[in-house]
Amino acid sequence: MKAYIGIDIGSISTKGVIIDGDANILAESYLWTEGDPIGAVKRVLKELEQKKPAGVQVKAVGTTGSARKLIGVVLGAQIVKNEITAHAVGTMSRVPDVRTILEIGGQDSKIILLKDGIVTDYAMNTICAAGTGSFLMSQAKRLGLAIEELGELALKSQSPTRIAARCTVFAESDLVHKAQIGHKKEDIVAGICNAVVNNYLNNVGKGKRVLAPAVFQGGVSKNVGVVRAFEQILGHKVYVDEFGHLMGCLGVAVLAKKSGKEADFDFGVQDISFVTRGRECERCPNNCEIISVYRGEELLDSWGNKCER
Amino acid sequence: MYKISFPHMGKYHVPIKRLMETLVGEYGEVFAAPPITKRTIEVGTKHSPEFVCIPFKYNLGNFIESLDLGANVLFHTSGDCRMGFYNEVQEQILRDLGYEFKLCILETNARNRSLRDFHAMFKNLNPRLTYAKTISAILLAMRIIFAMDKIEKYVRENIGFESQAGELEKIENEFLRNVAKVKNFLGVGAVYRKYIKRLRAVKLSKPEKPIKVGVVGELYVLMEPFSNYFIEKELAKYGIQVTRFIDVSYLLFSPKHKIKNLLKESDGYVSYEIGADGTDSVAKCVYFAKNGYDGIIHLKPFGCTPEVNSIPIVQRVSEDYEIPVLYFSFDSQTSETGVKTRLEAFYDMLEMKRGTQ
């Protein structure tokens, strides 16, 4: 049977799927990137290889996420796509009539509006990391909680604490203050969830209409507290797919299949050593940072130059 | 001996240098600031207030690099927004850094600019300057600006479709080198005709209905490609036809840029001026929406008040006409990867839309 791999290498986590020709997920993997995208991809591939049903031959590979270019070169991917398109395609393969995709990841967040199966508008948070997963993570740590407990705890709250949502720095000092004057932990946690949603709608959504059906995905969608906050603030149901965290890699796997280019993929790539080397060009004051990728000693590709040199 | 220098904006150093050389004559030597590089923006940012907008930082970087090469007279322009006050702040910063120089301001606002002030400013540098010479130098510079803007417009609209990449740009650069050397008014016309002919002869493979995108926003980030991460070049790579109205001929001399006409063009979306190029952005978005463009890209420096004013209105135009708008805010910290990712997604979106129609 023909199959396709999609890999989404994000700043925090790396996700991979194997799908069949009808976009059914055959195998999946989800683990932390830990600042080493190549290593993370090797681990993802190992897991996919173990979970993959017998008799499946991978014909094409797609990469997305912030390390898509690097990993695309390493794996010889058929397609390298930005995460916005990948998420839209992935989500539509599961919820064809979706109108709004809300996505909050580890370090960025996006909103994608769709109509009749076409992306009509999108936005990505630009400068600030407020209202993203890493903010939740640092606040959970401050409260001495594991990130996984956060959502359940928030659901217990009857009256969420008001927390300044404009900026993480303000949110953080507000949170400390509220904790010290005696607010209950669950109320504070629920307050953080509301802050994340408000911040997202103000900074990323910026007046865009969130129409139903809305799908919420990205790592933060695993947090039931944030899901409830979204539903309360938007006033309609927000769907969370059990595979919500895999939409990026699912989408790019679908795109890899659609690319029409096929070549047998070899899982042996896990055992090859890839090295990246960065240097500054220094031939003019611009000092372009050039990144070169090597397989063993062989130069695969390099990028970063502004001029033709 | 004066050593005269000025900051960069796109390729306009060609006519500006020529203009100043004619006016200053044997009393000075004119050179444009060294080309903008990462170093320029680094030194500019280092000495700028943190929250000032990005054109300030580029200009300051240009000035410092010019001064380090020995410039002792600096030219700057006025502006319609807070940019109008920048030159005074920059002068103070540079003096505090220990530089000694004379700062001259070119008034660009049509309401305030006067030939007499302009002449007097240069007469100060060149006592032998006559009115006749000033006028002829201005006319020549205008003529060069008109010609180069027309050439650039042709290149911008076609660069995404050349069969052999880089050809149009090569001809444009040759044009700029030659137009800088013309003797008089008539010479500009001759050089222009020669090169527009050569440009038109370049083989293009343009689809019948290419994807068309209009760019609007603040003038500096629109016209200085380094500050917008060469966005027009990036768009061209996807085979997108780019239209932009703002260039120097349009801003300084076009009747279409008059506020009365802009308000009319914006068709009820704005009823009074919203500052600097904000009104223009709205008017042109309405134009692009009505004229079958696929999308609009709105550029501004981070914190640009006139453009922040325009955004909610542009958003309404976008909703009413169902035309997608991509917004960019540039600062010295902007990530280039972020810009590229958004552009790629924007292109995918426009293409998907096209595919289903």
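Quick check on the stretch A:249-264. Is at least one of its residues farther than 30 Å from A:SER29 by Cβ and surrounded by fewer than 16 Cβ atoms within 10 Å (Cβ to Cβ)? No, that holds for no residue. For the stretch B:193-211, the set of residues classified as in contact (Cβ under 8 Å) with a residue 24 or more places away in the chain and assigned to a helix (DSSP H, G or I) consists of B:TYR195, B:ILE196, B:ARG198, B:LEU199, B:ARG200, listed by residue number.
The one condition from (1) buried (at least 23 other Cβ atoms within 10 Å of the Cβ); (2) in contact with a helix residue (DSSP H, G or I) (Cβ under 7 Å, 6 or more places away or on another chain) that A:TYR30 does not meet is (1). Of all residues in the stretch A:81-95, none satisfies being over 24 Å from B:GLN315 (Cα atoms), assigned by TED's automatic domain parsing to the domain that holds A:LYS59 and assigned to a strand (DSSP E or B). So for the stretch A:220-236 (the condition being of a type in the set (Gly, Ala, Ser) and within 14 Å of chain B (Cβ to nearest Cβ)), does at least one residue qualify? No, the conditions are met nowhere in the stretch A:220-236.
Collect the residues in the stretch B:164-192 that are among the polar types (S, T, N, Q) and in contact (Cβ under 8 Å) with a residue 24 or more places away in the chain, keeping them in residue-number order. Those that are among the polar types (S, T, N, Q) and in contact (Cβ under 8 Å) with a residue 24 or more places away in the chain: B:GLN164, B:ASN184.
In the set (1) away from chain A (no Cβ under 11 Å); (2) touching a residue at least 40 places away in the same chain (Cβ under 8 Å); (3) over 21 Å from the mean Cα position of the chain (by Cα), the condition left unmet by B:PHE346 is number (1). Within the stretch B:274-331, the set of residues being under 14 Å from B:ILE246 (Cα atoms) and basic (Lys, Arg) comprises B:LYS284, B:LYS300. Pairs meeting the criteria (first residue in the stretch B:115-142 and assigned by TED's automatic domain parsing to the domain that holds B:PRO15 and farther than 24 Å from B:LEU251 by Cα, second residue part of a loop (DSSP other than H, G, I, E, B) and of a type in the set (A, V, I, L, M), beta carbons under 9 Å, at least 6 apart or on different chains) are B:LYS123/B:LEU129. Against the test of being of a type in the set (S, T, N, Q) and within 23 Å of the chain's Cα centre (by Cα), the options B:SER332, B:SER271 yield a single qualifying residue, B:SER332. Being under 21 Å from B:PHE56 (Cβ atoms), assigned by TED's automatic domain parsing to the domain that holds B:GLY295 and out of contact with any strand residue (DSSP E or B) (no Cβ under 9 Å at 6 or more places or on another chain) holds for only one residue in B:GLU218, B:GLU265, B:GLU224, and it is B:GLU224. Every listed requirement among (1) more than 26 Å from B:ASP348 (Cα to Cα); (2) part of a strand (DSSP E or B) is met by A:ALA229 save one, (2).
Take the conditions outside any helix (DSSP H, G or I), of a type outside the set (A, V, I, L, M), surrounded by 13 or more Cβ atoms within 10 Å (Cβ to Cβ) and assigned by TED's automatic domain parsing to the domain that holds B:VAL308 and apply them to B:LYS233. Does it pass? The answer is no for B:LYS233.
In the stretch A:241-293, which residues are within 14 Å of chain B (Cβ to nearest Cβ), among the charged types (D, E, K, R) and under 23 Å from A:GLY10 (Cβ atoms)? A:LYS258, A:GLU289, listed by residue number.
Taking the numbered list (1) more than 10 Å from every other protein chain (Cβ to nearest Cβ); (2) over 24 Å from the mean Cα position of the chain (by Cα) in turn, B:PRO306 passes all entries but (2).
Of the set (1) over 15 Å from B:VAL14 (Cα atoms); (2) free of Cβ contacts under 8 Å to residues at least 24 places away in the same chain, all apply to B:PHE161 but (2). Here the stretch B:243-257 is the region considered, the condition is being buried (at least 20 other Cβ atoms within 10 Å of the Cβ) and not in a loop (DSSP other than H, G, I, E, B), and the residue that is modelled with the highest pLDDT is B:ARG244.
Scan the stretch B:44-84 for residues that are within 14 Å of chain A (Cβ to nearest Cβ) and surrounded by fewer than 18 Cβ atoms within 10 Å (Cβ to Cβ) and jot them down. Those that are within 14 Å of chain A (Cβ to nearest Cβ) and surrounded by fewer than 18 Cβ atoms within 10 Å (Cβ to Cβ): B:GLU50, B:PHE51, B:ASP68, B:LEU69.
Only one entry of B:ILE259, B:ILE297, B:ILE274 meets the criterion of being within 30 Å of A:LYS306 (Cβ to Cβ), of a type in the set (A, V, I, L, M) and more than 12 Å from every other protein chain (Cβ to nearest Cβ), and that entry is B:ILE297.
The values are calculated or read from the model by the stated rules, or taken from the named source; none is laboratory data. All values reported here derive from a predicted model rather than from experimental measurement. Virtual Cβ from ideal backbone geometry, glycine too; neighbours counted across all protein chains shown.
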